[in-house]
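Remarks on the structure that follows.
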Amino acid sequence: MAKISPAHLRTVLLALVAALVLLVPAAPASAARNLELSVMDDQLLLGASQQNIDGAMTVLRDLGVDRLRVSAFWHEIAPRPRSTRKPRGFDAANHQDPRYDWRRLDPIVVSAAQHGIKVMISISTPMPYWASQEPRRRNSVWKPDPEEFGAFAMAVAARYASVADHFGIFNEPNQGAWLQPQSDGRGLASPHLYRALVH
């Protein structure tokens, strides 16, 4: 009679256990009744034609999406984003100021609502240079001025309050692509910057 090595026996036993596991039926998946499916795809939607936006919303609705998250990029909506000086007389807290440009965001929010999809708007950088605490740096994510951010957030919320029921502050503020500086000579800086914006 041939001798079975311990290594071979171990392999055979592991194969048998794996086969038995496959025979055990999986427990049915259960989800909380209030579980929500949310989708974000700014690249697909921002700047798209109304026809393409409506088509995307139809697909999302048919897939069972409950909520769309979309970004309100500050530098795309506010006037003169490459200027280090805030436009004279510009009322940043007033969404009806004619210098605001809502043309990329309006059709998305309206279409989502028309398709029965709830909306979350992320109010985010990049920002106009003039909205930085140090505008001469010409850096659209460097130290956003909390007062200017508050005014912009107020305008976004006022414009979309009847349609959007969630608003987010920034996208990944722990990443240098969205908020700078992340740290300085004293240590972490971005958490303090973010807290000032939220406050």
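The values are calculated or read from the model by the stated rules, or taken from the named source; none is laboratory data. All figures in this text were calculated on a predicted structure; none of them were measured in a lab. Heads up, the Cβs are rebuilt from the backbone with ideal geometry, glycines too, and the neighbour counts pull from every protein chain shown. Accessible surface is based on the protein model in full, side chains and every heavy atom, while ligands, DNA and RNA are left aside. Shrake-Rupley method; radii C 1.70, N 1.55, O 1.52, S 1.80 Å.
Quick notes
- Rolling a 1.4 Å probe over the heavy atoms of the protein chains gives segment 114-166 an accessible area of 45 Å² per residue.
- Taking all protein chains together, E172, E36 sort by accessible area into E172, E36, largest first [probe 1.4 Å].
- The calculated FRET efficiency for the pair D165 and N139, based on their C-beta separation and a Förster distance of 45 Å, comes to about 0.85.
- For segment 37-100 versus segment 104-130, the gap between their alpha-carbon centres in whole angstrom: 4
- Amide H contacts of V119 (H built 1.01 Å from N, under 5 Å, at least 5 apart or other chain): L68, D165, H166
- Percent accessible area from carbon and sulfur atoms, the chain, protein chains only, probe 1.4 Å: 56
- The chain: C-alpha pair distances exceeding 26 Å, %: 49
- Rolling a 1.4 Å probe across all protein chains gives D42 an accessible area of roughly 20 Å².
- D (Stokes-Einstein, µm²/s), Kirkwood Cα radius, segment 94-154, 0.890 mPa s at 25 °C: 184
- Accessible surface of F170 - all protein chains present, 1.4 Å probe, nearest 10 Å²: 10
- The helix-based estimate of mean residue ellipticity at 222 nm for the chain, built from -39,500 (n - 2.57) per DSSP H run of four or more residues and divided by its residue count, is -10500 deg cm²/dmol to the nearest 500.
- Those trypsin sites (Lys or Arg not before Pro) in segment 113-199 that DSSP places in a loop and that have at most 11 other beta carbons within 10 Å: R186
- Inter-probe distance in nm under a simple model that places probes 7 Å from Cα toward Cβ, at E172 and R61: 3.1
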